[in-house]
Amino acid sequence: MPGAVIRVHTVYPEPFWREQRLSGQTLAPQSPVSVTIDQTPRSGPPGVLSTFAFGPGALEMGRLEPKERRDVWLKALAERFGPRAQPAGYLEADWSAEPWSLGGMAGRFPPGALTNYGPALRRPVGRIHWANTETATLMHGLMEGAVRSGEPAGGRRGAGSPVIGHARRDGRASRYARWVRPPRRRERPPSLRPPR
C-alpha cells in the first residue's frame with residue numbers, strides 16, 4: 001500500500017485555470033485524486049494537469065473499471081476546477097500494476113533522512129558511482145532528475161570506465177555489464193548558445 005500510486009495526465013486546449021489566477025496545484029487529502037500539479041509546457045498550450053491518487057485511494061481506484069475510474073477522476077477534478085475540467089486527452093499509469101516496479105514511481109525518504117544522510121546517497125563506493133532519480137538535486141523523482149544525476153556521475157568515472165549494471169559477489173562484472181565511453185562534447189550551434 002505505501003507504494004500504491006496512480007498518475008493521470010489530463011490535457012486541455014489551454015491552461016484554463018490560469019485565467020482564474022489558479023496555479024493548478026491542489027491538495028485534497030480526502031479526495032480520491034489527492035494532488036494536482038500544473039505541468040503545462042513553458043511554451044504554453046496545451047494545458048496539462050498531472051494528477052495523483054496515493055495509498056489506499058490508489059488501490060480503490062485501481063479496482064475500478066477503466067471507464068468508471070476515469071469518471072470518478074474527472075468528477076474530482078471538476079469539483080476543484082469547474083466544468084472546464086473535461087479534458088481533450090486523458091492518460092493514466094497505475095504504478096501498482098507495473099510488473100517491474102510494483103508501485104511507487106519515486107523513492108520517498110522519511111523526515112530527517114536527507115538532512116542526515118543525503119551526501120552519502122551520492123558518494124561513490126569504490127568504483128561504483130550512484131546516479132538515479134533519488135540522488136538528483138533537481139527534478140527529484142522524475143526522469144529528468146535521473147538524467148541530470150547521471151551526467152556528473154558519468155563525468156566522474158572518466159572515459160572508458162565500465163558501467164556495471166549488476167555485479168557478482170566476487171566483485172567482477174556480471175554478464176549484464178556494458179563498457180561505454182561518454183559521448184564527445186560538441187560545441188552548441190551559435191543559435192543555441194546562451195546570451196552573454
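The values are calculated or read from the model by the stated rules, or taken from the named source; none is laboratory data. Note that the structure is a prediction, hence the values are computed from the model and not measured. Ideal geometry is used to build each Cβ from the backbone, glycine not excepted, and the neighbour counts take in all protein chains shown.
Just wondering, is there one or more residues in region 80-91 that are modelled with pLDDT of 90 or more and of a type in the set (S, T, N, Q)? Show your work before the answer.
Here is the first cut: in region 80-91, the residues modelled with pLDDT of 90 or more are 80-91.
When the remaining residues are screened for being of a type in the set (S, T, N, Q), the result is 86.
Looking for residues that are modelled with pLDDT of 90 or more and of a type in the set (S, T, N, Q), one finds at least one in region 80-91, hence yes.
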Under the condition of being modelled with pLDDT under 70 and of a type in the set (A, V, I, L, M, F, W, C), which residue from region 101-144 is surrounded by the fewest Cβ atoms within 10 Å (Cβ to Cβ)? Phe109
Taking the residues in region 33-49 that are at pLDDT 90 or above and either outside any strand (DSSP E or B) or closer than 19 Å to Ala97 by Cα (or both) as candidates, determine which candidate is farthest from the chain's Cα centre (by Cα). Pro46
Give just the number: which of (1) under 26 Å from Arg18 (Cβ atoms); (2) part of a helix (DSSP H, G or I); (3) over 21 Å from the mean Cα position of the chain (by Cα) does Pro87 not satisfy? (2)
